[in-house]
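The values are calculated or read from the model by the stated rules, or taken from the named source; none is laboratory data. Note that the structure is a prediction, hence the values are computed from the model and not measured. No Cβ is skipped: glycine too gets one built from the backbone with ideal geometry, and neighbour counts run over all protein chains shown.
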Amino acid sequence: MKLLLVGASGLVGSHVLTLALNDPRISEVVAPSRRALSLHSKLLNPILDFDDLPEDASWWQNIDAVICTLGTTMKMAGSKEVFYRVDHDYPLAFAEIAQKHGTTTYVLNSAIGADASSRFFYNHVKGKLEQDLAALQFRSLTAVRPGIIGGQRSEFRFGESVLVAILGALNPVLPQRWRINPATNIANALIEAAINPVSGIQVISADQLV
């Protein structure tokens, strides 16, 4: 199968990329990015401006599934406007163009608490994206909703690192939905949802990712 991976340089995305490149079920990975990724015989890495996606590029053709792990933080974004663009507008734009070219499966790395009606901005944005993706009516749409993600990020996030340490110590006694979700587990769930799509809308919750 041919896979389009959006967000390959992030924590979860980099795990998805590694798994996909080593999975014999996947013949080609298209991973658009702003900066070049490491070379691999199965990887096509278009360097793009995400504000100006090339809708007629040849690599859109024959994509079986999209996995989107794109996301930022409010600190990195600097404003709600930029955060919304990265976490909502870009994933939706890739979905719309891929669908126009015949892609029928979309798999999203969302978040626990995603809810378009939430008063919390982060949860609202994640939920709004899920809602807008559902409106596109992909044959198969899967939202993976992790909680706290475990793994080594390229950028240091102090608050998250403290929380991960606390939850790690309490992990044996915590309810499953509040345990750390290792990035490898999330990546595996995303890959399997793309390779073995189920018709309709599916949600994979945090307690399924421990």
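Restricting ASP89, ASP115 to those that are surrounded by 13 or more Cβ atoms within 10 Å (Cβ to Cβ), among the acidic types (Asp, Glu) and assigned to a helix (DSSP H, G or I) reduces the list to ASP89. Within region 21-41, identify whether any single residue is part of a helix (DSSP H, G or I) and either farther than 24 Å from LEU129 by Cα or of a type outside the set (A, V, I, L, M, F, W, C) (or both), and answer yes or no. Scanning region 21-41 turns up at least one residue that is part of a helix (DSSP H, G or I) and either farther than 24 Å from LEU129 by Cα or of a type outside the set (A, V, I, L, M, F, W, C) (or both). Screening THR105, THR72 for residues that are under 14 Å from the mean Cα position of the chain (by Cα), closer than 22 Å to ALA206 by Cα, surrounded by fewer than 19 Cβ atoms within 10 Å (Cβ to Cβ) and not aromatic (Phe, Trp, Tyr) leaves exactly one candidate, THR72. Taking the criterion of being of a type outside the set (A, V, I, L, M, F, W, C), more than 27 Å from GLU81 (Cα to Cα), assigned to a loop (DSSP other than H, G, I, E, B) and at pLDDT 95 or above, would at least one residue in region 144-166 satisfy it? No, region 144-166 has no match at all.
For ILE47, are the conditions met, namely being of a type in the set (Val, Ile, Thr) and closer than 13 Å to LYS2 by Cα? In short, no. Only one of the listed residues (HIS124, HIS88) is under 23 Å from ARG34 (Cβ atoms), modelled with pLDDT of 95 or more and not aliphatic (A, V, I, L, M). That residue is HIS88.
Might you check whether a residue that is crowded, with 21+ Cβ neighbours inside 10 Å and in contact with a Phe, Trp or Tyr (Cβ under 9 Å, 6 or more places away or on another chain) occurs anywhere in region 50-61? No, there is no match, as no residue in region 50-61 is crowded, with 21+ Cβ neighbours inside 10 Å and in contact with a Phe, Trp or Tyr (Cβ under 9 Å, 6 or more places away or on another chain). Cβ-Cβ below 6 Å, separation at least six or inter-chain, first residue in region 181-195 and among the small types (Gly, Ala, Ser), second in a helix (DSSP H, G or I): which pairs? Correct list of pairs: ALA183/LEU11; ALA183/VAL12; ALA183/HIS15; ALA187/VAL12; ALA187/HIS15; ALA187/VAL16; ALA187/LEU19.
Scanning region 15-33 for residues that are surrounded by fewer than 21 Cβ atoms within 10 Å (Cβ to Cβ) and within 11 Å of the chain's Cα centre (by Cα) returns no hits. Quick one: count up the residues across region 1-14 that are within 17 Å of the chain's Cα centre (by Cα) and either farther than 18 Å from VAL144 by Cβ or small (Gly, Ala, Ser) (or both). Count: 7. As for region 49-58, it holds no residue that is touching a strand residue (DSSP E or B) at 6+ places or on another chain (Cβ under 8 Å) and not charged (D, E, K, R). Scanning region 93-137 for residues being of a type in the set (A, V, I, L, M), closer than 21 Å to GLU192 by Cα and out of contact with any strand residue (DSSP E or B) (no Cβ under 8 Å at 6 or more places or on another chain) gives a total of 2.
Residue-wise test of (1) at pLDDT below 95; (2) part of a loop (DSSP other than H, G, I, E, B); (3) on the phi > 0 side of the Ramachandran plot; (4) of a type in the set (Gly, Ala, Ser).
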site	(1), (2), (3), (4)
VAL12	no, no, no, no
HIS15	no, no, no, no
PRO54	no, yes, no, no
ILE63	no, yes, no, no
LYS75	yes, no, no, no
GLU81	no, no, no, no
